[in-house]
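The values are calculated or read from the model by the stated rules, or taken from the named source; none is laboratory data. Fair warning: this is a prediction, and the values are worked out from it, not measured in the lab. When we count neighbours, we look across all protein chains shown, and the Cβ atoms used for this are built from the backbone with ideal geometry, even at glycine. Please note that ligands, DNA and RNA were not included when accessible areas were found on the heavy atoms of the full protein model with its side chains. Shrake-Rupley method; radii C 1.70, N 1.55, O 1.52, S 1.80 Å.
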Amino acid sequence: MEYKTIFVQLLHDQIGEHFEKAKIKRMLEKPKYEAIGDLAFPCFDLAKIYRKSPHQIAEELMKNISWPPIFQQVEAVNGYINIFLNRNEVSAKVIHEILEKKAAFGQSSFGKNNVITIDFSSPNIAKPFSMGHLRSTVIGNSLALIAEKCGYQVIRINHLGDWGTQFGKLIVAYKMWGKEQVVKKNPIKELLKLYIRFHEEAEHDESLNEAGRAWFKKLENNHPEALELWKWFREESWKEFSKIYELLGVSFDSTDGEAFYNDKMDIVIKELKDKGLLEESEGAEIVELGASYPPCLIKKKDGTTLYATRDLAAAIYRKNKYNSVKSLYVVGHEQSLHFKQIFLVLKKMGHEWYEGLEHVPFGMMLKNGKKMSTRKGKIVLLEEVLNDAIELALENMEQKNPTLSSKEIVAQQVGTGAVIFHDLKNYRLNDVEFSLEEMLKFEGDTGPYVQYTHARASALLRKGNYKEIEWTEAQFDEEAWPIVKELIEFPEVIKRAYDGNDPSLIAKYVIQLSKKFNQYYGKVRILAESENKQVRLSLVSAVQIVLREGLRLLGVDAPEEM
Ligand code: ARG
């Protein structure tokens, strides 16, 4: 129900020579109080152009436009044109549209026939899945769903950190102190222990670092023993990561990690050389990036390659393979410089498409105001965190709804949903304070609150015996209007979330819609037997559809009962 578009069109017919449609749309205001109107257009800028008072212009425009019936009342007040919508007509239209389109409501097609790649999650092998990786996973997954909703084909890429000097160190540590059986039992924990021990001992034994470098070099030269150990570390790690992805309901189109680019770097280095971009500096090879940025290190003194080299190769490989119009990298803000450097090198190489590459940074996950770290003793194992959340959700449920069937499944949906929602409801660059108790509350701005509202709507539809009826002359209660106004906004919220890579807009939106709906629920006897019962239920159904779809775009399930 695009009443805004209609309003913009009507205004544009009058003042199009001065303002474009997009500009008019941006100028529209939402009056502070409903009594003033549902939408307003300020005439102050026009006043300067026409050299008349804003009020005069508002009055003239009002008279010159022939207003269609959805604009029930139009007033010129204080230099504004204020619009009052015909609520009943608007409500009927939008609800009809939602009931007809169902989950496809809000779908757009501007991304059609275009590919977007999203590089997200990308944990490091032989290390635990960190809170930062959780944030990347959750944000990236939601961005993928949002882009698909806008018509794009999305390629989900998990750029596993499966290469680098740390594997040389790990091999050394494993050979010195590791036991196969122990590692097999608890791979991530044990490998991390070995890694930590290596660093502790290397502090007073420099020869360890040297051994680490030597073994990495062997690995880069396909030494069989090194290769075999590396493969084993990778497999065990992937098994562990998979459990987390399963819990979160996240999947990937590609899990080609850094190692995949080992045989794809020479050609890039050659291209850099041919284009005269590669320079030698203290035995290493670098690309200079001007005064504002440090040079990008391409090859170390000992001839080994780096994270950045692999990212360059990856960007070029992906562009060739997927021909994407846009490539997002969902990685913490501490890697901003890294991505800036990569993008600049590609620009210098003359790859115009570098403009489609975008780093989507995010803030940290904090516990009691401090960074949650995986180093030293402070390990937070994500799988444990998720399982704790699920268990707590189960406890809540035993109290609130002990007779609920399939409690385990619902507890998993609520527990993981709570963690995901808590992450996404804040603008991504803000740090997030991690608190299980907070996120699992049924009241407040939480995932369970929205899920609960959705379940409430579902229950009403069941109890009220809701039938999709064809009403034409529906009469909506006055109390329904705030809900309808929210429902109308959904397609626009999705577009804005896409434009700003910002799932928090959708999270805030579903909270808002839930609040409005619960107010309605408190005031109106929805199930009362009256001729309008099915009309009220159709509103409930529309809310249920939009909440469900909103949650889906965040990567959160919506149980029917909880
Ligand atoms: N594995 C890296 C890390 O944990 C993140 C990789 C992000 N993706 C990329 N193409 N660099 O820090």
What pairs can you find where one residue is in region 151-162 and within 16 Å of V331 (Cβ to Cβ), the other is near the ligand (Cβ under 8 Å from one of its atoms) and of a type in the set (S, T, N, Q), and their Cβ atoms are less than 7 Å apart, with a gap of 6+ or different chains?
N158/S122; H159/S122; L160/S122; G161/S122; G161/N124
Among the residues of region 337-356, is any under 28 Å from Q413 (Cα atoms) and crowded, with 21+ Cβ neighbours inside 10 Å?
no
Would you be able to tell me the number of residues in region 173-187 that are closer than 24 Å to L306 by Cα and open to solvent by less than 10 Å² (accessible area, probe 1.4 Å)?
1
Would you mention how many residues in region 105-132 are under 18 Å from the mean Cα position of the chain (by Cα), over 21 Å from L357 (Cβ atoms) and within 11 Å of the ligand (Cβ to nearest atom)?
2
Name the one entry in Y261, Y293 that is within 16 Å of the ligand (Cβ to nearest atom), within 29 Å of S136 (Cβ to Cβ) and either in contact with a helix residue (DSSP H, G or I) (Cβ under 9 Å, 6 or more places away or on another chain) or outside any helix (DSSP H, G or I) (or both).
Y261
Can you tell me which residue within region 398-418, out of those that are of a type in the set (V, I, T) and in contact (Cβ under 8 Å) with a residue 40 or more places away in the chain, is nearest to L248 (Cα to Cα)?
T416
Note on H333: of the conditions (1) within 23 Å of L134 (Cβ to Cβ); (2) in contact (Cβ under 8 Å) with a residue 12 or more places away in the chain; (3) within 11 Å of the ligand (Cβ to nearest atom); (4) not basic (K, R), unmet is (3)
Lone unmet requirement of (1) outside any loop (DSSP other than H, G, I, E, B); (2) touching a helix residue (DSSP H, G or I) at 6+ places or on another chain (Cβ under 7 Å); (3) within 16 Å of the ligand (Cβ to nearest atom) for I83:
(3)
For residues that are open to solvent by less than 10 Å² (accessible area, probe 1.4 Å) and either under 22 Å from the mean Cα position of the chain (by Cα) or of a type outside the set (G, A, S) (or both), tally how many sit in region 447-470.
6
Which numbered condition D302 fails, given (1) within 15 Å of the ligand (Cβ to nearest atom); (2) open to solvent by 20 Å² or more (accessible area, probe 1.4 Å)
(1)
